[in-house]
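The values are calculated or read from the model by the stated rules, or taken from the named source; none is laboratory data. No experiment lies behind these values; they were computed from the predicted model shown. All Cβ positions, even for glycine, are placed from backbone atoms using ideal geometry, and neighbour counts span all protein chains on display.
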Amino acid sequence: MYVEKPMVVFLDKLASRSPEPGGGSVSALVGALGAALVSMVGNLTLGKEKYADVQDKVEELLESSEKLRAELQSLIQKDTEVYADVSAAFKLPRETEEEKAERASRIQEALKLATEVPFEIGEKCLEVAQLSETSAFIGNVGAVSDAGVAVLLAEAAAQSAALNVKINVNSIEDREFSQGKWARIQEILEETAVLRERVVKLTYEKLG
């Protein structure tokens, strides 16, 4: 798994001609970075006498951000796996009508799975953005800039995930599936944009 290897391994592979990892994995990584920053704000607040009245909330924040970080880390790898399935489906034989039908069916199935991963990344990035707002409100003011960076990363990752959803749904014949996924992703982008604006504004206000 990429997360268990030096970062340079991921970056070198990303920069190469290899079709994976790609934008989906990058969006998951960026989302995980945002979640990690939320955790950092939480850890820099936990146990501080000045923030004694929000310790319970900080503990909840940390539990949520660490759960999200773990999930997004796993999606870095998952995205490479579903892309491999799409690639394999396109390479299936198509000499006979039966082979063509099987290939087409497998491609559609693989594209749906390949859509689900960036879609899930987008959903989790929205959650990271929501947590970044909480961390900006209740977290250690000395780390509020990290809450601001977290929301910026969350929105960027959500936008990146949306691009990967779009490129897949364009080729999916099940329009109900495609339209449903795309409509929800649009809502996610709208929500993360609102959160980004609020959190960045709050961050600058606290920085003075």
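Any chance segment 15-23 includes a residue that's surrounded by 12 or more Cβ atoms within 10 Å (Cβ to Cβ), of a type in the set (D, E) and within 25 Å of the chain's Cα centre (by Cα)? Walk me through how you get there before you give the answer.
The initial filter retains those residues of segment 15-23 that are surrounded by 12 or more Cβ atoms within 10 Å (Cβ to Cβ), namely 20-23.
Now narrow it down to the ones that are of a type in the set (D, E): 20.
This time we only want the ones that are within 25 Å of the chain's Cα centre (by Cα), so: 20.
Yes; the residues of segment 15-23 include at least one that is surrounded by 12 or more Cβ atoms within 10 Å (Cβ to Cβ), of a type in the set (D, E) and within 25 Å of the chain's Cα centre (by Cα).
Can you pull out every residue in segment 1-49 that is touching a residue at least 24 places away in the same chain (Cβ under 8 Å) and more than 22 Å from E71 (Cα to Cα)?
P19, L44, T45, K48
Filter segment 24-70 for residues that are among the β-branched types (V, I, T) and within 26 Å of E116 (Cβ to Cβ); which is nearest to the chain's Cα centre (by Cα)? Spell out how you get there, then give the answer.
As a first pass, look at segment 24-70 and keep what is among the β-branched types (V, I, T): 26, 30, 38, 41, 45, 54, 58.
Keeping just the survivors that are within 26 Å of E116 (Cβ to Cβ) gives 26, 30, 38.
Working: V26: 8, V30: 7, V38: 14 Å.
Step by step, filter segment 24-70, then rank; the result is V30.
Does segment 127-135 contain at least one residue that is buried (at least 24 other Cβ atoms within 10 Å of the Cβ) and within 18 Å of P21 (Cβ to Cβ)?
no
Which of (1) farther than 26 Å from G24 by Cα; (2) buried (at least 21 other Cβ atoms within 10 Å of the Cβ) is the odd one out, the single condition K57 does not satisfy?
All conditions are met except number (2).
How many residues does segment 60-93 hold that are of a type outside the set (G, A, S) and either in a loop (DSSP other than H, G, I, E, B) or within 19 Å of G23 (Cβ to Cβ) (or both)?
Total meeting the criteria: 18.
Would you mind telling me which numbered condition in (1) within 15 Å of A147 (Cβ to Cβ); (2) buried (at least 22 other Cβ atoms within 10 Å of the Cβ); (3) in contact with a Lys or Arg (Cβ under 6 Å, 6 or more places away or on another chain) A32 fails?
That leaves (1) as the condition not met.
Residues of segment 182-208 being in contact with a Lys or Arg (Cβ under 9 Å, 6 or more places away or on another chain) and over 18 Å from G34 (Cβ atoms), which ones?
W182
Looking only at segment 179-208, count how many residues are under 20 Å from V117 (Cβ atoms) and in contact with a Ser or Thr (Cβ under 8 Å, 6 or more places away or on another chain).
So the answer is 1.
Could you look through segment 99-112, keep only residues that are of a type in the set (A, V, I, L, M, F, W, C) and buried (at least 16 other Cβ atoms within 10 Å of the Cβ), and pick out the one that is nearest to A89 (Cα to Cα)?
Among those that are of a type in the set (A, V, I, L, M, F, W, C) and buried (at least 16 other Cβ atoms within 10 Å of the Cβ), it is I107.
Going by the structure shown, is V128 more than 23 Å from E155 (Cβ to Cβ) and not small (G, A, S)? So that I can check it myself, show each step before the final result.
Numbers: more than 23 Å from E155 (Cβ to Cβ): no; not small (G, A, S): yes.
No, not satisfied.
Answer yes or no as to whether A162 is under 21 Å from G31 (Cα atoms) and touching a residue at least 60 places away in the same chain (Cβ under 8 Å). Please lay out each step first, then the result.
Working: under 21 Å from G31 (Cα atoms): yes; touching a residue at least 60 places away in the same chain (Cβ under 8 Å): no.
Here the answer is no, as A162 does not meet what is asked.
Within 30 Å of I138 (Cβ to Cβ), surrounded by 13 or more Cβ atoms within 10 Å (Cβ to Cβ), of a type in the set (D, E, K, R) and modelled with pLDDT of 95 or more, is that true of K166?
Working: within 30 Å of I138 (Cβ to Cβ): no; surrounded by 13 or more Cβ atoms within 10 Å (Cβ to Cβ): yes; of a type in the set (D, E, K, R): yes; modelled with pLDDT of 95 or more: yes.
Taking the combined requirement at face value, the residue does not satisfy it.
For segment 135-152, which positions are more than 15 Å from A36 (Cβ to Cβ) and not aliphatic (A, V, I, L, M)?
Those that are more than 15 Å from A36 (Cβ to Cβ) and not aliphatic (A, V, I, L, M): F137, N140, G142.
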